[in-house]
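Have a look at the structure below, then the notes.
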Protein chains: 2
Amino acid sequence: MLLAISEKEIKQRQKKFYSILEDKKIDSAILFSVTDIFYLTGFHFHPTERPIGFFIDSNQQTHLFVPALEHEHAEEFAYVDHVHSYPEYPGLKHPMEYFKEALISADFEGQVIGYDAIGYGSSMGYRGPAVSELIDAKEFVSLKGIVEEMRYIKSPAEIELIKESCRWGNLAHRLLQKYSKAGLSEIEITSKASMEATMAMIETLGPEYKPHGNTAFALFRGQVGEMSAFPHAVTQNLVLKKGDTLVTGAAADVWGYHSELERTMFVQEVSKDQEKYFQHMCEAQEVAFNAIKPGSPCSVVEQEVQKYFKEAGVEHLVQHHTGHAIGLLGHEAPFFDLGEETIMRPGMVFTVEPGIYVRGIGGFRHSDTVLVTENGMEMLTYYPRDLKSLICL
Amino acid sequence: MLLAISEKEIKQRQKKFYSILEDKKIDSAILFSVTDIFYLTGFHFHPTERPIGFFIDSNQQTHLFVPALEHEHAEEFAYVDHVHSYPEYPGLKHPMEYFKEALISADFEGQVIGYDAIGYGSSMGYRGPAVSELIDAKEFVSLKGIVEEMRYIKSPAEIELIKESCRWGNLAHRLLQKYSKAGLSEIEITSKASMEATMAMIETLGPEYKPHGNTAFALFRGQVGEMSAFPHAVTQNLVLKKGDTLVTGAAADVWGYHSELERTMFVQEVSKDQEKYFQHMCEAQEVAFNAIKPGSPCSVVEQEVQKYFKEAGVEHLVQHHTGHAIGLLGHEAPFFDLGEETIMRPGMVFTVEPGIYVRGIGGFRHSDTVLVTENGMEMLTYYPRDLKSLICL
């Protein structure tokens with residue numbers, strides 16, 4: 001049972017990143033993205049007001065720059081050659097002054113330096129200078145999106161972790177459906193389902209399981225009854241009643257890897273209208289599945305879905321595109337969207353979730369996580385999708 | 001029982017924000033910060049790849065710019081005068097093109113425009129132009145930190161919500177301690193405590209309670225046994241054993257407002273060394289409490305704590321500053337830090353959490369949430385702090 005990405009694979013990512021820099025004639029690089037740092041070092045941490053950065057020098061040595069409170073933690077868990085630290089933020093001397101010294105000691109001065117953002121970004125009270133103010137480079141080159149694009153194609157190990165995530169999302173969803181009864185609050189139902197699935201998960205996987213995110217959970221995100229017509233409502237602590245449309249979600253993070261499983265369900269009974277919209281949504285999802293093929297642009301999937309919705313006369317009820325990539329983040333590029341020309345390739349993992357939203361009746365959206373294969377796609381989520389299976393009795 | 005900020009108070013915040021703009025001779029402003037948008041509009045949403053922005057025009061009209069999937073949601077829940085939307089990201093036409101049109105229709109062209117960030121920022125696959133590329137301004141003025149500083153002083157209603165958060169954090173922590181037994185996994189203990197506290201919370205507060213964040217929870221964040229020596233370890237799914245040092249955390253979000261309660265606990269027994277470090281940490285926290293006074297700079301609190309740690313001969317075991325402000329975010333400026341010259345004022349809410357960390361023995365940190373008052377401070381968290389009360393039997 002695979003529950004983590006190996007040091008070997010992380011080191012291969014670093015090598016690949018460096019080879020991309022070489023192709024672009026970049027000598028060295030600086031990254032601030034929390035997700036990309038985790039991807040390239042295996043170091044999972046809680047980002048705060050205290051800046052953290054990764055850099056790779058022209059000798060291919062990898063460095064993490066962290067606050068003192070992360071120094072020993074990074075020494076123990078990060079797959080890097082060097083850990084540098086500073087006392088604290090704001091501190092008497094700004095952390096970026098220490099960063100500057102670390103960059104100079106790694107010979108960054110006068111080099112062609114790649115960077116993903118002008119500086120560390122945090123909403124938690126951080127303020128600081130841009131990298132370009134710290135050091136004299138021959139040239140600064142933006143690397144925005146470079147590591148994100150490395151993350152597009154998932155490795156066999158990454159796919160295993162996503163499959164493991166799907167397994168426990170499925171259990172959480174099974175329990176969610178079991179506990180969804182009229183008269184109970186959404187929070188009561190989701191708390192109970194999430195806890196039980198988490199317990200089963202940790203008993204089964206044992207101490208080798210590191211979530212690096214959330215353990216198994218199920219939710220409604222406020223999409224209960226009429227509120228389900230808001231695609232991204234937020235938890236409202238609503239009480240379920242007979243006839244409600246529900247839009248659910250369930251997953252579990254496994255060493256930071258996400259999956260997405262969402263279902264449209266009904267409490268006890270279904271009206272003719274609810275059934276009609278449900279069936280259109282299911283059909284649209286089938287249309288999307290059939291359009292997923294390596295070699296086609298992502299936009300084709302959205303075009304096909306929009307064509308179906310138009311023919312069905314419900315295009316005015318659509319409020320979002322068909323899906324997004326998923327991996328270390330819950331939403332990642334590329335997207336199943338009219339404006340997305342990225343070509344689908346084997347190893348990409350997407351959500352497929354066309355939706356329609358009807359004020360007064362509810363929202364209608366299933367989401368499944370799928371893998372693009374050599375010939376088409378493989379469903380990674382496997383919860384029932386048909387109406388009969390999704391009525392909460 | 002207060003469970004939300006009123007529309008009236010949100011509108012007062014907008015007026016105050018506008019008066020700050022007037023003082024700075026700024027005509028209109030654009031904000032992208034999710035937290036600041038919530039603060040100024042009451043609109044809680046899930047940020048994704050799809051840009052969201054707030055703007056206020058020179059007629060003091062407030063506007064939200066959202067993706068189609070948030071349009072009706074914003075119409076229903078945001079305290080703004082106008083909601084604008086665009087179909088989707090990336091879309092055939094970039095969302096920022098729609099944003100440009102909305103700004104032009106609100107007469108932004110040729111004005112002095114304030115902005116908090118050069119553009120929408122998201123790690124979820126978003127790429128887009130800077131605001132300055134969209135529109136011709138007379139001048140662009142950075143508003144970085146302006147709304148954050150408005151958030152420094154909490155209103156009576158905000159303090160009530162933080163107190164409500166403390167109440168349920170206290171219950172979650174009580175249950176956490178009750179369930180902390182040798183042989184159980186940290187996830188098992190925290191899941192059970194979190195769920196039970198959440199249940200009690202929703203039964204007590206009823207459907208008026210909107211978390212806009214997490215319901216009641218308790219955690220160890222991996223700070224179990226030797227791992228507790230990493231101040232920000234991450235959940236490791238560790239099994240507790242006799243003699244372990246534990247560093248905990250518990251809270252609940254109430255309409256987006258946070259509190260922080262952390263305790264150092266021990267499983268069944270305490271060694272002489274553990275007791276020694278525990279007592280130093282408790283003393284340091286007392287020193288901090290005594291240094292909190294309106295009119296003094298925040299740095300004084302850190303100076304006093306460092307002085308104490310030095311006298312006690314444990315300054316080499318310190319890895320972070322004494323605390324941070326708290327409110328809509330778990331960490332906010334200002335900080336109890338040597339480099340923080342902000343003056344403490346009544347209505348500010350801080351965590352007080354000096355810590356010491358000893359490899360092989362554990363981490364020692366309590367965190368309490370306190371309110372700066374006219375004369376000193378008021379403790380908002382109220383869980384026992386003494387050694388005897390914190391041994392898990």
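The values are calculated or read from the model by the stated rules, or taken from the named source; none is laboratory data. In this text, all values refer to a predicted model and were calculated from it rather than measured experimentally. Virtual Cβ from ideal backbone geometry, glycine too; neighbours counted across all protein chains shown. Heads up: the accessible areas ignore ligands, DNA and RNA and are worked out on the full protein's heavy atoms, side chains in. Shrake-Rupley method; radii C 1.70, N 1.55, O 1.52, S 1.80 Å.
Looking at A:PRO95, A:PRO129, just one residue is open to solvent by less than 20 Å² (accessible area, probe 1.4 Å), touching a residue at least 24 places away in the same chain (Cβ under 8 Å) and at negative phi, and that residue is A:PRO95.
In the condition set (1) of a type outside the set (Lys, Arg); (2) open to solvent by 30 Å² or more (accessible area, probe 1.4 Å); (3) in contact with a Gly (Cβ under 8 Å, 6 or more places away or on another chain), A:GLN306 is compliant with all but (3). Selection of first residues in region A:318-329 that are within 8 Å of another protein chain (Cβ to nearest Cβ) and under 17 Å from A:HIS232 (Cα atoms) and of second residues that are among the polar types (S, T, N, Q) and open to solvent by less than 10 Å² (accessible area, probe 1.4 Å), restricted to Cβ pairs under 7 Å at least 6 apart or on distinct chains, gives the following pairs, ordered by first then second residue: A:HIS324/A:THR351. Remark: pairs (first residue in region B:204-217, acidic (Asp, Glu); second residue at pLDDT 95 or above; Cβ separation under 9 Å; 6+ apart in sequence or on different chains) = B:GLU208/B:LEU3; B:GLU208/B:ALA4.
The residues of region A:228-241 that are within 11 Å of chain B (Cβ to nearest Cβ) and under 19 Å from A:ALA193 (Cβ atoms), listed by number, are A:ALA233, A:VAL234, A:THR235, A:GLN236, A:ASN237, A:LEU238, A:VAL239.
In this structure, is B:LEU171 of a type in the set (A, V, I, L, M), open to solvent by less than 20 Å² (accessible area, probe 1.4 Å) and in a helix (DSSP H, G or I)? So B:LEU171 does not fit the description; no.
If you go through region A:321-339 and keep only what is in contact with a helix residue (DSSP H, G or I) (Cβ under 8 Å, 6 or more places away or on another chain) and open to solvent by 20 Å² or more (accessible area, probe 1.4 Å), you end up with A:LEU329, A:LEU338, A:GLY339. Among A:ASP81, A:ASP107, A:ASP116, which is open to solvent by 10 Å² or more (accessible area, probe 1.4 Å) and either within 11 Å of another protein chain (Cβ to nearest Cβ) or touching a Pro at 6+ places or on another chain (Cβ under 6 Å) (or both)? Matching residue, one of A:ASP81, A:ASP107, A:ASP116: A:ASP116. Remark: pairs (first residue in region B:267-283, in the same structural domain as B:ASP244 (by TED's automatic domain parsing) and at negative phi; second residue open to solvent by 40 Å² or more (accessible area, probe 1.4 Å) and among the basic types (Lys, Arg); Cβ separation under 9 Å; 6+ apart in sequence or on different chains) = B:VAL267/B:LYS181; B:VAL267/B:LYS241; B:VAL267/B:LYS242; B:GLU269/B:LYS242; B:CYS282/B:ARG385.
One residue is enough: does region B:383-390 have a residue meeting the conditions touching a Leu at 6+ places or on another chain (Cβ under 8 Å), in a loop (DSSP other than H, G, I, E, B) and surrounded by fewer than 17 Cβ atoms within 10 Å (Cβ to Cβ)? Yes, there is a match, as at least one residue in region B:383-390 is touching a Leu at 6+ places or on another chain (Cβ under 8 Å), in a loop (DSSP other than H, G, I, E, B) and surrounded by fewer than 17 Cβ atoms within 10 Å (Cβ to Cβ). A single entry from B:ILE56, B:ILE52, B:ILE30, B:ILE26 fulfils the requirement of being β-branched (Val, Ile, Thr) and within 14 Å of chain A (Cβ to nearest Cβ): B:ILE52. Among the residues of region A:1-43, those identified as in contact (Cβ under 8 Å) with a residue 24 or more places away in the chain, in contact with a Ser or Thr (Cβ under 8 Å, 6 or more places away or on another chain) and either open to solvent by 20 Å² or more (accessible area, probe 1.4 Å) or among the hydroxyl-bearing types (Ser, Thr, Tyr) (or both) are A:GLU9, A:ASP27, A:SER28, A:SER33, A:THR35, A:THR41. Only one entry of A:MET195, A:MET199 meets the criterion of being crowded, with 20+ Cβ neighbours inside 10 Å, part of a helix (DSSP H, G or I) and in contact with a helix residue (DSSP H, G or I) (Cβ under 9 Å, 6 or more places away or on another chain), and that entry is A:MET195.
When restricted to residues that are within 12 Å of another protein chain (Cβ to nearest Cβ) and open to solvent by 10 Å² or more (accessible area, probe 1.4 Å), region B:242-269 contains 2. Within region A:143-157, the set of residues being open to solvent by 20 Å² or more (accessible area, probe 1.4 Å) and at pLDDT below 95 comprises just one member, A:LYS144. Every condition in (1) within 29 Å of A:MET265 (Cβ to Cβ); (2) open to solvent by 20 Å² or more (accessible area, probe 1.4 Å) holds for A:SER367 except the one numbered (2). If a residue has to be more than 8 Å from chain A (Cβ to nearest Cβ) and either modelled with pLDDT under 95 or under 18 Å from B:PHE32 (Cβ atoms) (or both) to count, how many in region B:66-76 make the cut? The qualifying residues number 2. Taken together, the residues in region A:176-192 that are part of a helix (DSSP H, G or I), out of contact with any Gly (no Cβ under 8 Å at 6 or more places or on another chain) and open to solvent by less than 30 Å² (accessible area, probe 1.4 Å) amount to 6. Summed over region A:44-78, residues that are open to solvent by 10 Å² or more (accessible area, probe 1.4 Å) and in contact with a Gly (Cβ under 6 Å, 6 or more places away or on another chain) total 0.
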